[in-house]
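Just below is one structure, and these are the notes that go with it.
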Amino acid sequence: MRERLVVIGNGMAGIRVVEEILKRDSHRYEILIFGSEQEPAYDRIMLSSVLSGEKRMDEIIIHSLDWYEQNGIRLVTGREAVSLERKSKIVHTDDGGRIPYDKLILATGANAVFLNVPGKNLHGVLVYRSHLDVQEMIAISRQKKRAVVIGGGLLGLEAAHGLVKQGMDVTVVHIFDTLMDRQLDFVSGKMLKQALEDRGIKFLMPKTTKSLVSDETGWVRAVRFQDGTEIEAELMVVTVGILPRIDLALRSGLNCQRGIVVDDYMGTSDPAILAVGECVEHRGATYGLVAPLYEMARTCAEVLTEVPGKDVTDSRRLQQSHALQPYKVTPYKGSTTSAKLKVVGVDMFSAGKHTGDPWTEDIIIQDHFLGIYKKLVVRENRIVGIVLYGDTEDATWYFQMLKESRDISDIRDRVIFGRAIVNSKSDQTPGLSAALTNEMEVCGCNGVCKGAIVQAIQSLRLTSLEEVRAHTKASASCGSCTPLVKDILLSTLGPGSEISPTREGICACTQASAEDIREAIRAQHLLTIEAVMTALSWKSPEGCSTCRPALNYYLLSEFSGEYRDHFRSRFVNERLHANIQKDGTYSVVPRMWGGLTSPSELRAIADVADKYGIPTVKVTGGQRIDLLGVKKEDLPGVWRDLNAAGMVSGHAYGKALRTVKTCVGSEWCRFGVQDSTTMGVRLEKMTWGTWTPHKVKLAASGCPRNCAEATIKDLGVVAVDSGWEIHVGGNGGMKVRVADLLCKVKTQEEVLEYTGAFLQLYRKEAHYLERTAHWIERVGIAFVKEKLIQDPEGRKCLYREFLESQESSQVDPWAALSASRADLKEFVTFNMLEAEA
Ligand SMILES: Cc1cc2nc3c(=O)[nH]c(=O)nc-3n(C[C@H](O)[C@H](O)[C@H](O)COP(=O)(O)OP(=O)(O)OC[C@H]3O[C@@H](n4cnc5c(N)ncnc54)[C@H](O)[C@@H]3O)c2cc1C
Ligand code: SF4
């Protein structure tokens, strides 16, 4: 039996250890990861790009749920480990769960420090740490105008920039008179302040906050300072530092000081427990950046995989006697860190001592006109500090010299002018990367060294920056190492070579765009995923979890009757006809046509809930009943029983039609001018079972009061005296989009025609995973009107195509599976079914 490895903390450190373990020995452990946040692990450093609107949350998720599933990892999100029973090796969770382990990794990260002043608990006062914080800031920025950020450090400036991008009036309040005072000296701090003022951020510094002032509703209204002055604030973001999250470790009796104390092998005071990331204290130091925690993760994974059959106690005893050498565990000896400012668009780099002392000398050049400032702090001819502002091209080179403590006596007269000058005088190759050895780190964010990049370029024949990013992660985060990565690419490809222009391929396996793929499928009449991959020279023969579902969809939407759906290329929810939930159980939603149900259907649902011990029965936002907490092995039985009562799958898991929401309309309502319920039922009967690029929701309201919220649906119809208004491209999710009015029609038949045609156009034109809202924003509502309004023949043709494709799509998966495997009970049987499909 495999050893049980439990990881507490699904953040950047926790997930990195797991990746490193899988790389070395993917079969060694049965892995379970806990995260108290709701999302699968995400790249926390990219939250600033989400706040500034440059990225969406789904773009910064490190691995999709499919990745966890494919690697046999159980992920439990939204749940907190509250204590450890160390003797019997059990983790207790906040919902009363008891999880046994053989080895445990603590990767609990850090908490943002909160300002301890009166008023700190007012509404509108936030820290900047998690996705929830970002969501809340964006939501507040939609309603309020003035934001104050307390703290002029790296995080505070990124928060301020993001809030300006969200349209707020932002003032940064800082206790010192230099921004980023732990990384910059007075001159560079002043240059940075000027650059940020030019970008619309205001500053109050030095200022010490005394209290926060409330309005009559308990929302923050102003910030009051020690000097008696005040500034208006409707949103206040506190970014004054972090504290390692050690509460669980402390409660469990582990040795903690500022962080959980670990040795050079990431071992804690309990031999079965290791710790990594911001939560640890190593040789007296704690860290708040990713590069060190990636180094820790590597050592941790080596310890856990390189000593077969030994437990950590034994391995550490061996390490102490240096007997571990043959097992290649590299001890973690601490990190020298550097800082860069992302997103804001200012080139800045700092490492080591940024201000001198009586034992150091400064070498400085400064050009106000060009906005360039470079300072090297030198002690005994060795660089001990670097501050670069405006030109950071040589940052890695200087940083490497600092880390190696290189004697610079031979180049001291010109070192400040940069590598090009130094190398040209000594007749060395002037290329940016030429002076780097293979072990030198190029991308600090992701801990990638030059050797790894060169190896990937050579072995995978990479020719573009995008490919290097996808395969090595170098340059994929803050981007400051991009020139260096390009240079490595160029020099590895050899003289006279060129970097392929970056093309927006749908994933790292291909340079083909969605349009290229659709065109090839149509023109060459391709009928399998493998045929598309061959025709478009896919780089990885198997594809990946991004391109396989996309190809499956493009083929299905093009040749719906002819193409045989490739079941295993669907996401896990679609494969299991249910939504996987955070605790590993599933939820099942039967279809309720137009939101209508009957006593017998309700009875059948209640019977199923009783029979299978389903803990939660919930009415959804789309007017259906959700059965939550269904065990995987019970799924076939649940489908069969609901099916026997006349219900079909609601496709609540699919990139497909979900619901058609209705109001009670003219049949019951005093205001109703049309029968919206019948309209909704007809729409749902026509459209269910269709596969679409993303999920699709419809609604029908009986009058302009619009109780079914039809104007924030992918397609919504609103009854008026003379007929129906049809609205398209709405979205009620994270970013609300009000639908565009497509047209007005008179009859229900016309509504059906326009709806079918619209959905068919969307199915044929949109990229896979593009909601109607994003698609319409990309192509413009004029394009949709041109196809559906100005071209009645084209519209009718699209409608016909839609109805034809529905003939082969309206197959209820529950009925099909129940009929073919009446005795489906076990998970094992279920897997066989998947394999055969
Ligand atoms: C906005 C922002 C920008 C940043 N920018 C940069 C940058 O440019 N460069 C850089 O190097 N660093 C940056 N950082 C810092 C970097 O993100 C952190 O160093 C890194 O994320 C820490 O990783 P971690 O895994 O140790 O902690 P985290 O990523 O915080 O993960 C810890 C996880 O453990 C969970 N957890 C804690 N306790 C429990 C429990 N008892 N049970 C279950 N789960 C638990 C937490 O919910 C959390 O999800 C930035 C941070 C922020 C917030
Ligand atoms: S939308 Fe109009 S018809 Fe429908 S329930 Fe509301 S008020 Fe009544």
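Where the only charges are on Cβ atoms (+1 Lys, Arg; -1 Asp, Glu), what is the dipole of the chain about its Cα centre, to the nearest 20 debye?
So the dipole magnitude of the chain works out to roughly 840 debye.
Which of the peptides 185-197, 34-46 is most tightly packed, and how do the rest follow, going by the mean number of other Cβ atoms within 10 Å of each residue?
34-46, 185-197
How much of the DSSP beta bridge set in segment 12-120 is antiparallel, as a percent to the nearest 5?
The answer is about 65 percent antiparallel.
For Leu132 and Gln38 in the same chain, what is the full-extension length gain: residue separation times 0.36 nm, less their Cα-Cα distance, in nm?
Contour length minus Cα-Cα distance gives 32.9 nm.
Would you work out the relative contact order for the chain, in percent, from Cα pairs under 8 angstrom that are 6 or more residues apart?
After rounding, I find 7 percent.
Counting only heavy atoms of the protein chains, get the accessible area per residue of segment 9-141 (1.4 Å probe) and round it to a whole Å² value.
The answer is 41 Å² per residue.
Which distance in nm do the two modelled labels at Asp177 and Glu633 give, with both placed 7 Å along the Cα-to-Cβ direction?
For the pair Asp177/Glu633, the computed spacing is 7.2 nm.
Hey, with R₀ at 56 Å, roughly what FRET efficiency would Ala815 and Asn116 work out to, going by the Cβ-Cβ distance, to 0.05?
0.35
What's the center-to-center distance, using Cα atoms, between segment 1-28 and segment 193-265 in Å?
Their Cα centres are 33 Å away from one another.
So what is the accessible area of segment 623-684 per residue, in Å², with the probe set to 1.4 Å?
On a per-residue basis, segment 623-684 sits at 35 Å².
Between Ser459 and Asp607, what FRET efficiency comes out of the Förster formula 1/(1 + (r/R0)^6) with R0 = 56 Å and r the beta carbon distance, rounded to 0.05?
0.45
Just for the chain, what percent of DSSP beta bridges are antiparallel, to the closest 5?
Taking every DSSP beta bridge with both residues in the chain, the antiparallel ones total about 60 percent.
Give, as a single signed number, the net charge of other residues whose beta carbon lies under 13 Å from the beta carbon of Pro118, with Lys and Arg counted +1 and Asp and Glu -1.
Local charge sum for Pro118: +3.
Under 5 Å between amide H atoms, partner at least 5 residues away or on a different chain: which partners does Ser701 have, H built in plane at 1.01 Å?
Long-range HN contacts for Ser701: Val717, Val718, Ala719.
So what is the relative contact order for segment 678-754, in percent, with contacts set as C-alpha pairs under 8 Å and at least six apart?
22 percent
Between segment 108-186 and segment 73-98, what is the C-alpha centre distance in whole Å?
33 Å
Report in % the part of the accessible area of the chain that belongs to carbon and sulfur, leaving out ligands and nucleic acids; probe 1.4 Å.
In the chain, the share of accessible area belonging to carbon and sulfur is 51 percent.
Grab the Cα-Cα distance for Glu85 and Phe225, subtract it from 0.36 nm times how many residues apart they are, and report the gain in nm with one decimal.
45.7 nm
Could you give me the ³J(HN,Hα) list for segment 703-714, computed from phi with Karplus coefficients 6.51, -1.76, 1.60 and θ = phi - 60°, whole Hz, x at Gly and Pro?
After applying 6.51 cos²θ - 1.76 cosθ + 1.60, I find 6, x, 5, 6, 5, 8, 6, 5, 8, 10, 10, 4 Hz.
Looking at segment 347-415, which chymotrypsin sites (Phe, Trp or Tyr not before Pro) are in a loop (DSSP not H, G, I, E or B) and have at most 14 other Cβ atoms within 10 Å?
Trp359, Phe369
List the trypsin sites (Lys or Arg not before Pro) in segment 91-138 that DSSP assigns to loop (not H, G, I, E or B) and whose Cβ has at most 16 other Cβ atoms within 10 Å. Which are they?
Loop-located and lightly packed - Lys120.
For segment 665-683 and segment 691-724, what is the separation of their C-alpha centers, rounded to whole Å?
If we compute the Cα centre of each part, the gap is 12 Å.
Could you tell me what percent of the DSSP beta bridges with both partners in segment 580-734 are antiparallel, to the nearest 5?
65 percent
Would you mind calculating the gained length between Ile365 and Ser513 on full extension (0.36 nm times residue separation, minus the Cα-Cα distance), in nm to one decimal?
48.7 nm
With Kirkwood's inverse mean 1/r over C-alpha pairs for Rh, give me the Rg to Rh ratio of segment 52-169, two decimals please.
Rounded to two decimals, Rg/Rh equals 1.06.
Any idea what the alpha-carbon Rg over 2.2 N^0.38 Å comes to for the chain?
1.05
The values are calculated or read from the model by the stated rules, or taken from the named source; none is laboratory data. Keep in mind it's a predicted model, so treat the numbers as computed, not measured. Every residue, glycine among them, receives a Cβ derived from its backbone with ideal geometry; neighbour counts consider all protein chains shown. Ligands, DNA and RNA are stripped out before the accessible areas are found, and what is left, the full protein with its side chains, is counted by its heavy atoms. Shrake-Rupley method; radii C 1.70, N 1.55, O 1.52, S 1.80 Å.
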